[in-house]
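Quick notes on the structure that follows.
The values are calculated or read from the model by the stated rules, or taken from the named source; none is laboratory data. Keep in mind that what you see is a predicted model, and the values were worked out from it rather than measured. Note: accessible area is taken over every heavy atom of the protein model, side chains too, but ligands, DNA and RNA are not part of it. Shrake-Rupley method; radii C 1.70, N 1.55, O 1.52, S 1.80 Å.
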Amino acid sequence: METHGTEEPKGPVLHIVVVGFHHKKGCQVEFSYPSLLPDESHDSSSLPEEWKYLPFLALPDGAHNYQEDTVYFHLPPLPGGLKCVYGVSCYRQIESKALKVRQADVTRETVQKSVCVLSRVPLYGLLQAKLQLITHAYFEEKDFSQISILKELYEHMNGSLRGTALEGSQVYLGLSPRDLILHFRHKVLILFKLILLEKKVLFYVAPVNRLVGTLMTVLSLFPGMIEHGLADSSHYRPKNSTSEDVTLVPGIPPGAEEFVSVSVTDIANATRELVGEASGPGAEPGAEPGEGSPAQEHRVVGTPPSAGDGQHLKPPARASPESSESEWETLDPSVLDDPGAPPELPETFDPEPGLPITVQPQSSSSPASLTPGLLSGLEEDQYGLPLAIFTKGYLCLPYMALQQHHLLSDVTVRGFVAGATNILFRQQRHLSDAIVEVEEGRIQIQDPELRKLLSLTTADLRFADYLLKHVTENRQDVFLDGTGWEGGDEWIRAQFGLYVHSLLSSTLQQDNEKLLADYGAPFISAWKITHNYRVWHSNKHPAMTEVTPGHPFQGQYSVADVKLRLSHSVQNSERGKKLGNAMMTTSRSVVQTGKAVGQSVGGALNSAKSAMSSWFSTLAQPAAVGGVPCPEQPPPK
């Protein structure tokens, strides 16, 4: 049983929860197993303060418009917990007259309920597949007092998922990058760069199932992000929350707690503890400090750097209420300026035009290859991935309820990647840097400077076009579509993995302006001041020596690049869209009116031809009687 983190849960599943819609009380919890609060019964509607939005997330806004739907959502950890809680909810509605046992509070024509799973592991698709079957069976009973099937679901899930490794196809079940590229085309790379820059990105579409699927598919393109990069993605405080006493944290003056993110506080506390200790609990006795060892990591943060070691972080002396970002994010300037830190890497390569690149760095996926990142707090591989994007107040909320709207303007929220179905989110464009309208496949960015940062370079366009061609070719056979390696989902993720590895490797090179220009110099300048890059760059990752620097599709310009650039500009610029729409409208009008106009023109031509023939025939005829006499004939006497 989950009791505010005081007891060790039995397995990866924390709770099975049923949320219903009451005609007077609105959305509320009707059943939970185990109980959400230790001293409450299973049918209690009481909730932990941190999970006050659970009913509105599990039963989404506008759900009455659909017979069934699926929701992915994130909840903040309870006191004593350290990681995000992942929620999957299956919603259905049934007519009241179809119920075998109709309770007294059922006064509407339809009954709307959701069955949701709260889990410690981000196995969204796998949990959804199991939950959909149970939800269907639960509704087929037509008696919602039969809760034994829900208890069996809890035991079954914990039994079957216990020990399941966060790797392989199970993590990405239901997430299709192929469909994403077919829908957004070259704009997928713009979405990728938007999140690298830690901007405020809002996805908008209905129903929720399509919304969360699109958002999580974009995140699956980041190596290791779904598996290990979301642990700190939901550290926020509910509105008017008093569940945490931040004033007890040393170094934070009274009144400053409303300016400090929960995740920032947790990391800062851990750093202060490391500063005050000579060695951590994970250090092995007798082991010499080397690269990647705990002693080495402690030296990087807690002690002054030695000669030639200029990469370190400085923990904040106190929280600053004047800024929404604490001093924890402030790095020593030498992190970005020290030319001696990067290791020597092979020379950049210039691939032959048209040569496909399908190889990415092969990293071990075994749990032993993952180590806790001292600065990011995430499980990292030997390349320092996943990037610490969703940390320090940068939220990932696959679905946001209307009750969470205040988070968009919360000073403790650095940024977000969030999904919404309510039009109020889309109308308030000033609260987001980019709005992704999934239905139209359109990305709306108001700031012209940000549009310049995200402008795709020629090498980027080659990369996106390469993906698009491999995804779209050989799609005639519906049985074999997507079954091959090239153009498949795993292949697409491998290409984005290569893109990230090459990008990171290029930043480590001396005199790397030419290498980074292929990614966009303005984009690189903006990315280097983000939290995720500075955390990654502050540590050494010896495995990066295996990665060849330079853009995977760098090379000389050609006529094909000009055509590609022109096509991309026409498809994505406003002027190009207007021109394309005008051409389509004109061509459509010509086709629609061609037959009628052709018939009219043909009739007119026939009439004109007849008139001309008759006119020429009159010229050949003799003059009429009584007319003017011809000069060749003598006048009559």
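Per-structure values
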read-out	value
Accessible surface, 1.4 Å probe, highest first, among residues His23, His531	His23, His531
Cα-Cα over 22 Å, subset of Lys187/Lys469; Lys130/Lys239; Lys83/Lys239	Lys130/Lys239
Region 22-93: C-alpha gyration tensor shape, a/c 1.5 cut-off, then a/b vs b/c	oblate
Filter on Lys52/Lys142; Lys97/Lys142; Lys52/Lys199; Lys193/Lys528; Lys25/Lys113 - keep pairs with C-alpha separation over 18 Å	Lys52/Lys142; Lys52/Lys199
Cα gyration tensor, region 113-188 - rounded (a/c under 1.5), prolate or oblate	oblate
Solvent accessible area, Å² - Thr472, 1.4 Å probe, full protein context	60
For region 420-529: rounded, prolate or oblate by the Cα gyration tensor [a/c cutoff 1.5]	oblate
Accessible surface of Ile226 - all protein chains present, 1.4 Å probe, nearest 10 Å²	0
Accessible area of Ser45 in the full protein assembly, 1.4 Å probe (Å², nearest 10)	60
Extension gain from Gln132 to Lys52, taking 0.36 nm per residue of separation minus the Cα-Cα distance	26.4 nm
